[in-house]
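Q: Please see the structure below; I have some questions.
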Amino acid sequence: MTLKDGGAPQPQPMSALFSAPGAFENDDHLASLLQSLPGCAYRCPLPDPQGSLLVNEHVSDGIYALTGYSAEDFWFGRSAWKNLVHPEDLAAVQREVSAAVTARRSFSLTYRVSHQTGRDVWVLDRGHAVYDEKGLPIWLEGFVSDITDQKETEAALRDSEEQLRAMLDAQPECVMVVSAGGRIVKVNPAGVAMLGCMSAAEIVGRNVLTFIDPDHQDAVRDLHVQCLDGAAHDKPYEVDIMEMGGKGRCAEVRLAPLKSSDGKVWAVLSVARDITDRKRAEEKMEWLATHDPLTTLPNRAFFQQRLQLATSGSGKRKAGLLIIDLDNFKQVNDTLGHDAGDALLCETARRIRECGRSGWTVARLGGDEFAVIVPNVESREGFAATVETFLQRLREPVSFGGKVLDSRASIGATLFPDDDRAPSDLLKNADLALYAAKAAGRGRAMHYLPAMRSEMQRRVMAIRQFKAALDEDRVIAYYQPKIVLADGALLGFEALLRWRGEDGQIQRPGSAASAFEDAELAAAISDRMIGKVLDDIRSWLDRGLPFGHVAVNVSALEFRQADFAARLLDTLSNRSIDPSHFQIEVTETVFLGHGGEGVEQALRTLSKAGVRIALDDFGTGYASLSHLKRFPVDILKIDQTFIHDLAQEGEDASIVRAVIMLGHNLGMKVVAEGVEDLRQAAYLQAQGCDIGQGYLFGTPIAGTEISADGFWDRMERDRKRWPNILSALSSPAVVELPRRAKAKPA
Ligand code: C2E
Ligand code: CA
Ligand code: CA
């Protein structure tokens with residue numbers, strides 16, 4: 001507000017002013033209306049003689065409510081508007097008013113004045129100048145109203161907006177306002193970061209769909225439309241987001257309609273939470289739950305789902321199932337270490353995968369066992385050819401660390417629906433076929449046959465029966481004599497396992513071979529057998545019988561028990577049996593595979609204590625000659641297959657001669673097993689073989705028979721006849737038989 005001090009016209013109350021001629025022309029109604037308005041009308045003469053506006057006042061009564069000063073205070077100069085204007089606002093107000101007067105336009109200013117009580121009052125001052133005929137300004141008139149409330153409301157609004165903005169900025173979630181047309185109107189900093197941008201400016205104005213994965217765009221569009229129709233989505237939905245750089249992130253989004261005061265939806269508020277990390281972790285968990293991390297193949301659980309699927313059809317389309325098992329994985333793992341084992345598994349997985357075609361399922365079921373589902377099999381023959389492809393591929397050598405690994409595998413195969421329909425039955429079939437392939441010598445594939453099921457049942461039965469025999473103490477030790485070939489003397493016995501079946505028949509180990517494959521059962525059998533043998537030895541010693549020694553067969557499985565040697569020696573000493581009466585027979589498999597050092601240690605312990613060690617079935621296994629040097633072997637037992645065909649001069653005879661020589665050169669005694677006739681015995685004796693064992697000298701018999709006097713009488717009789725037999729056999733007509741032996745003496 002503006003006005004002037006001193007000079008004409010003299011200041012007068014506004015009421016008078018309004019009634020002055022040339023002002024409002026006696027318009028009392030208008031004057032009273034002005035008085036009752038909240039605010040203050042003013043008028044002051046121009047130009048301002050002091051060069052300053054806002055000087056003296058001609059004001060209406062509303063001034064009191066506005067400032068706490070009365071119209072009279074102004075009239076008499078006790079108050080001046082200029083003095084009430086806030087010092088910070090004064091210069092601007094004066095400048096604006098002058099400019100408006102000069103430019104002949106009205107003005108509208110807001111500024112602060114000081115109320116008599118000391119508080120600031122915000123005013124809106126709207127006015128204009130009045131000009132005379134010459135165009136010179138003569139009056140300044142206007143109206144000042146109190147707008148403090150409005151200002152405070154504005155300030156409060158600004159504050160709350162500021163708070164809102166700060167809250168949004170601090171939000172870790174992407175918050176966006178999206179217009180009805182799909183354009184992004186606002187985005188918070190978290191949103192900027194989530195969309196891979198540097199600033200909101202890169203985002204605002206773009207269509208929101210440009211940030212959504214194409215696969216999800218339709219869904220997002222639909223949700224937007226629903227939201228614009230007023231539907232709020234409190235259930236979040238997941239969507240793949242495309243960042244500016246193109247890298248996908250995953251977000252959980254909620255939408256809410258933004259309504260204007262008239263209730264119309266004008267935009268959509270979108271709040272998106274970045275769940276990429278959670279998603280990735282979930283995916284990883286999911287992957288781990290269904291895959292094998294080593295080979296990255298699907299695992300058994302995944303495989304079973306697929307098998308279910310493959311066999312859920314009508315059966316018009318055949319599906320093949322293969323179970324593939326490595327033949328020598330354990331050996332590779334045990335002898336060359338886990339790295340080699342892992343490499344073999346990975347390479348096998350790769351090959352199986354390569355042999356498969358798209359749509360086939362290849363999985364690792366566990367250990368060294370893999371499986372393949374072949375869908376849409378045309379014919380049994382075609383399937384057999386497929387199986388053969390796998391077999392061939394797996395036969396190719398695998399090298400690792402400069403060594404060639406034995407990568408051969410056996411395969412069991414079965415066909416849906418021909419062989420069975422239920423997944424569990426198909427798996428059983430393939431397992432049975434695999435077992436049969438292994439039993440038939442490994443490295444081959446077998447297709448399931450119903451007979452395999454009965455064979456397996458027989459095997460299960462055998463194990464059960466064997467367990468029962470153990471439980472009911474039907475295990476018996478049989479003994480077969482070993483004879484010194486030079487003079488026919490009894491040297492000792494080999495103990496052979498027997499048990500009485502439920503039908504009372506005496507059973508041999510071959511009828512329960514599978515029982516020996518069960519480590520626990522094998523250990524129990526061995527313990528029981530050794531116990532029986534030691535009981536018999538003890539009783540023979542007590543009776544002074546000249547039995548020599550007893551050799552007990554110990555399998556590789558038993559031998560690997562850490563405390564085997566110590567326990568055996570303990571048992572011997574508990575029964576006061578000198579170790580020289582005891583021998584063990586091991587096959588070459590104990591030297592192979594895992595725990596070679598342990599085996600060596602155990603053998604040494606026994607050997608040192610005086611237990612002699614025989615290497616059984618020599619010539620049939622894989623032992624290298626270095627094993628003979630490294631392990632404390634005292635006796636070589638030539639496998640009976642070589643003895644069997646001795647009479648027909650051929651390779652076997654050469655092998656037998658070579659083994660005898662080898663054994664002797666290494667300081668060992670050599671035993672020939674399975675000697676069934678005199679000619680074999682004579683030949684062996686002639687070649688210098690030390691000991692003979694076989695039906696010729698005696699079949700295996702129960703310990704009780706050995707305790708009987710008759711046995712010893714017969715032994716003595718046979719021994720006395722032996723030199724005569726030998727000399728009769730050495731007559732040229734008989735010795736002729738193994739001719740090559742004569743022509744080329746070993
Ligand atoms: P092995 O150690 O080679 O035992 C010799 C096998 O040849 C025995 O078969 C014996 O009865 C048989 N035999 C003996 N003389 C002749 C012969 O002149 N001609 C023929 N054709 N066979 C003869 P058996 O008793 O059936 O034992 C078979 C295999 O079972 C044994 O072969 C041995 O490996 C294993 N075994 C036997 N007893 C035990 C045992 O107590 N523990 C363990 N771990 N294995 C055992
Ligand atoms: Ca043996
Ligand atoms: Ca043998």
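Q: Assuming a strict under-23 Å limit between Cα atoms, what lysine pair count do you get for segment 171-280 once near-sequence pairs (fewer than 8 apart, same chain) are dropped?
A: Lysine pair count for segment 171-280: 8.
Q: Relative to the longest principal Cα axis of the chain, at what angle does helix 338-355 sit, 0 to 90 degrees, rounded to 10?
A: Approximately 80 degrees, to the nearest ten.
Q: May I ask which of Lys330/Lys669; Lys330/Lys467; Lys330/Lys403; Lys482/Lys669 have a Cα-Cα span longer than 24 Å here?
A: From Lys330/Lys669; Lys330/Lys467; Lys330/Lys403; Lys482/Lys669, over 24 Å: Lys330/Lys669; Lys330/Lys467.
Q: Show me 264-271, 199-206 ranked by packing, highest mean number of other Cβ atoms within 10 Å first.
A: Details: 264-271: 18.5, 199-206: 14.2.
In descending order of packing, they fall as 264-271, 199-206.
Q: I would also like to ask the following. For segment 279-341, run through the trypsin sites (Lys or Arg not before Pro) and keep only the ones in DSSP coil with at most 15 other Cβ atoms within 10 Å of their Cβ.
A: Taking segment 279-341 and a limit of 15 other Cβ atoms within 10 Å, the loop trypsin sites (Lys or Arg not before Pro) found are Lys316, Arg317.
Q: Please give the peptides 501-508, 633-640, 531-538, 466-473 ranked by average Cβ packing (other Cβ atoms within 10 Å per residue), highest first, as a rough proxy for protection.
A: Descending mean neighbour count gives 633-640, 531-538, 466-473, 501-508.
Q: Another question, then. Could you name the lysines whose alpha carbon sits less than 24 Å from that of Lys316, not counting residues in the same chain fewer than 8 places away?
A: Result set, ordered by chain and number: Lys428.
Q: Continuing with the same structure: Distance from the Cα centre of segment 496-539 to that of segment 122-197, in angstrom?
A: 100 Å
Q: Work from the charge dipole of the chain (Cβ charges, +1 for Lys and Arg, -1 for Asp and Glu, about the Cα centre) and give the residue of Val404, Ala658, Gly619 farthest towards its positive end.
A: Ala658
Q: Note down the magnitude of the dipole of segment 397-503 about its Cα centre, charges +1 on Lys and Arg C-beta and -1 on Asp and Glu C-beta and zero elsewhere, to the nearest 20 debye.
A: Dipole about the Cα centre, nearest 20: 300 debye.
Q: With only Lys, Arg, Asp and Glu charged, each at its Cβ (+1 for the first two, -1 for the last two), find how big the charge dipole of segment 292-448 is about the Cα centre; round to the nearest 20 debye.
A: Once rounded to the nearest 20, the dipole reads 340 debye.
Q: Oh, and also: Under Stokes-Einstein, with the Kirkwood radius over Cα pairs standing in for Rh, what whole-number D in µm²/s applies to segment 292-448 at 4 °C and 1.567 mPa s?
A: Roughly 84 µm²/s, to the nearest whole number.
Q: If the reach is capped at under 19 angstrom between alpha carbons, list the aspartates and glutamates near Lys151, excluding any in the same chain fewer than eight residues apart.
A: Those aspartates and glutamates meeting the cut-off are Glu88, Asp89, Asp120, Asp125, Asp159, Glu161, Glu162.
Q: Cα axis of helix 276-290 to longest principal axis of the chain: angle in degrees, 0 to 90, nearest 10?
A: Around 20 degrees separate the two axes.
Q: Could I ask something else about it? Return one whole number: the accessible area per residue of the chain in Å², for a 1.4 Å probe.
A: 50 Å²
Q: So, with +1 on the Cβ of K and R and -1 on the Cβ of D and E, and no other charges, what is the size of the charge dipole of segment 474-734 about its Cα centre, to the nearest 20 debye?
A: With Lys and Arg at +1 and Asp and Glu at -1, about 660 debye.
Q: To test your reading of the geometry: what angle, between 0 and 90 degrees and rounded to tens, separates the Cα axis of helix 423-439 from the longest principal axis of the chain?
A: Once rounded, the angle reads 40 degrees.
Q: In addition: Just the accessible area for Leu592, please: 1.4 Å probe, Å², rounded to the nearest 10?
A: 40 Å²
Q: Among the GluC sites (Glu not before Pro) in segment 341-426, which ones are in a DSSP loop with at most 11 other Cβ atoms within 10 Å of the Cβ? Mind listing them?
A: Answer by residue number: Glu378.
Q: With 39 Å as the cut-off, how large is the P(r) tail for the chain, expressed as percent of Cα-Cα pairs?
A: 66 percent
Q: Hey, what number do you get for the chain at 222 nm if only DSSP H runs of n ≥ 4 count, each worth -39500 (n - 2.57), divided across all residues, to the nearest 500? All intermediate terms of the calculation are to be shown ahead of the outcome.
A: Values: 29 runs with 326 residues, N = 746.
The per-residue figure over the chain is -13500 deg cm²/dmol.
Q: A further question on this structure: Please report the carbon-and-sulfur percent of the accessible area for segment 304-411; probe 1.4 Å, protein heavy atoms only, DNA, RNA and ligands left out.
A: 47 percent
The values are calculated or read from the model by the stated rules, or taken from the named source; none is laboratory data. Please read all numbers here as calculations on a predicted model, not as lab measurements. Ideal geometry is used to build each Cβ from the backbone, glycine not excepted, and the neighbour counts take in all protein chains shown. Ligands, DNA and RNA are excluded from the accessible area calculation, which covers all protein heavy atoms including side chains. Shrake-Rupley method; radii C 1.70, N 1.55, O 1.52, S 1.80 Å.
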